[in-house]
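Just so it is clear, none of the values below were taken in a lab; they were calculated from the coordinates. Computed from a predicted structure; not experimentally measured. Using ideal geometry, Cβ is built from the backbone for each residue, glycine included, and neighbour counts are taken over all protein chains shown.
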Amino acid sequence: MTSFDTLLPRPVRVTPTGGTLVLDEPPSPVISSDSSLPAEGFRLTISPAGVEVAASDPAGFFYARQTLRQLLGPWAFRAVDLHSGPYALPCGVIEDWPRYSWRGCLLDVARHFMPKAAVLRFLDLMAVHRLNVLHFHLTDDQGWRIEVPAFPRLTTVGAWRAGSWVGRPPDGTPGHDGRPHGGYYTVDDLREIVAYAAERHITVVPEIDVPGHSQAAIAAYPWLGVTGQPLEVLTRWGINDNILAVNDLTVDFYRQVLTHVVSVFPSQVICIGGDEVPTTQWTTDPASSAYAASRGLSQVDDLRGWFLGQLVTHLESLGRRAMAWDDAGPLPPNTVIGAWLSTPAGHDLVLCPEEHVYLDHRQSDHPDEPIPVGYLRTLEDMYAYEPIESPRVLGAQAQVWTEHLDNPRRVDYAAFPRLAAFAEVVWSQKNRDYEEFESRLTRHHLPRLDALGVEYRPLTGPHPWQTRPGVPGRVRHL
Ligand code: ACM
């Protein structure tokens, strides 16, 4: 039997009443509705008479079940239940509810495609940590991952690339693995992912990133690009000059894409990116200047805000709400902002600060740390993250960018256990003690991750398989 102080995230209020409930069969709680409980919150009562759960909504019942699972022991997280009773639970009352309504994680399946099974598993892991928004980064320069029946080349061409940059050898140039990479989700796959997420009270917020990060789409339909020249699906990382041409055809194309996206994803919020848009090509392109002038824009750079504004309006006409990254520039006030660099006033904000919650950043200064992204973000840094206070903050979101995570095992390593720390930041109340968290994590939560088969980074240092020598182009430091 585990005790109440093993729970993660840490609950709001626990009142132990002493004693143990011992059952021959796994507990089947008596449930009741209590509208006085906060959204997603619950009251779990364990007494000699049995287990009761009260909640005001289905998510609350779901999170109460997650708590019960933790109290039963790590075995309750195994895919195959080899445990046999008796089942012992500590008696007491747990009252719990989340600090934020948006407890997100971005998964970048554009840089490296993750098979559907890996996405479903990632949703399972999010649910265990009570994260409730999967920001699904579906398109980028290096791959287009959502089937759009009206534009088949997006996936027959845009979902495949010739190879990938790997690491950064000592002379500063990256290695090229020469290994083709690709994949995409069919409409049926996406419906399955959305339904699986919904069963776990997770909303999937899709992202179609425009007008930068769009070279895979341009590779599929060269007329979407400024030069009109054929381009490959990009095989390197970083900010890219090949952005979309803004004109009537492009606007119409992306309206159709978004209409399709809305038909697949029920999420109220749909992300249209808007980040990292170098406008060099627009400034030297007479057609872009002429189009900007025809729209009454004083400078060609304003095409970015204008184009995104067209898509914001289109999403609103479909009853949805746009989200964009903060560097997208001024956007209509109803746009939700993913705040990774700054926190613009006048918008609802999802806090995604690069300096705190980017999980592609290296986890230690150890020379064998495998992930060649520049900044150091330790588990303790992640736990220390404190979201800014503002009524416009919906919550926060961790980011799993996958340039250097070419398979689900590397995603495990980058995400865990830091995502467990993040989960506690966005669920639990503000007062947190890292030493206590680390001890609870090590003694009680890592065994749960072990039972789930998560290949997390050990707290003691990089795991040997992540750093095995001899992988072409692999290096240890930027
Ligand atoms: C971002 O990291 N470009 C949102």
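Below, the figures for the structure above:
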{"read-out": "Residue-span extension gain [I239 to R179] - 0.36 nm each, minus C-alpha spacing", "value": "19.4 nm"}
{"read-out": "Long-range amide H partners of S164 with built H, under 5 Å", "value": "D177, G178, R179"}
{"read-out": "From phi via Karplus (6.51, -1.76, 1.60), per-residue ³J(HN,Hα) for region 300-305 in Hz, x at Gly/Pro", "value": "5, 4, 5, 4, 4, x"}
{"read-out": "Neighbour net charge for S317 - beta-carbon separation under 15 angstrom, K R +1, D E -1", "value": "+1"}
{"read-out": "DSSP-assigned coil residues among chymotrypsin sites (Phe, Trp or Tyr not before Pro) in region 366-443, each with at most 16 further Cβ atoms within 10 Å", "value": "Y375"}
{"read-out": "Calculated diffusion of region 286-361, Stokes-Einstein form, Kirkwood radius summed over Cα pairs, 10 °C and 1.306 mPa s, µm²/s", "value": "115"}
{"read-out": "Backbone HN-Hα couplings from phi across region 392-404 [Karplus 6.51/-1.76/1.60, Hz, Gly and Pro as x]", "value": "8, 7, 7, x, 9, 8, 7, 10, 10, 7, 10, 3, 10"}
{"read-out": "Loop-located GluC sites (Glu not before Pro) in region 336-418 whose Cβ has at most 13 other Cβ within 10 Å (DSSP)", "value": "E389"}
{"read-out": "Efficiency of FRET between L120 and A293 - r from beta-carbon atoms, R0 30 angstrom, step 0.05", "value": "0.05"}
{"read-out": "Region 276-334, relative contact order [Cα under 8 Å, separation at least 6], %", "value": "28"}
{"read-out": "From phi via Karplus (6.51, -1.76, 1.60), per-residue ³J(HN,Hα) for region 339-353 in Hz, x at Gly/Pro", "value": "8, 9, 10, 8, 10, x, 6, x, 10, 5, 10, 10, 7, 10, x"}
{"read-out": "Low-density loop cleavage sites - trypsin sites (Lys or Arg not before Pro) in region 398-452, where at most 14 other Cβ are within 10 Å (DSSP)", "value": "K430"}
{"read-out": "DSSP bridge orientation in region 330-430 - percent antiparallel, rounded to nearest 5", "value": "0"}
{"read-out": "Selected from W306, A127, G225, residue furthest toward positive end of dipole (the chain; charges at beta carbon)", "value": "A127"}
{"read-out": "DSSP bridge orientation in the chain - percent antiparallel, rounded to nearest 5", "value": "40"}
{"read-out": "Cα centroid separation - region 308-333 against region 405-464, whole Å", "value": "35"}
{"read-out": "Exposure proxy order (Cβ contacts within 10 Å, fewest to most) of T2, T259, T15", "value": "T15, T259, T2"}
{"read-out": "19 Å reach of a label modelled at S364, 7 Å along Cα-to-Cβ, counting backbone N of region 397-416", "value": "410-416"}
{"read-out": "The chain - percent relative contact order, Cα under 8 Å, separation 6 or more", "value": "16"}
{"read-out": "Amide H contacts under 5 Å for V336, placed H, 5+ residues apart", "value": "A322, M323, A324"}
{"read-out": "MRE, 222 nm, helices only [DSSP H, n ≥ 4, -39500 (n - 2.57), over the chain, to nearest 500]", "value": "-8000 deg cm²/dmol"}
{"read-out": "Other-chain or far-sequence residues with amide H under 5 Å of R362's (modelled H)", "value": "V373, Y375, R377"}
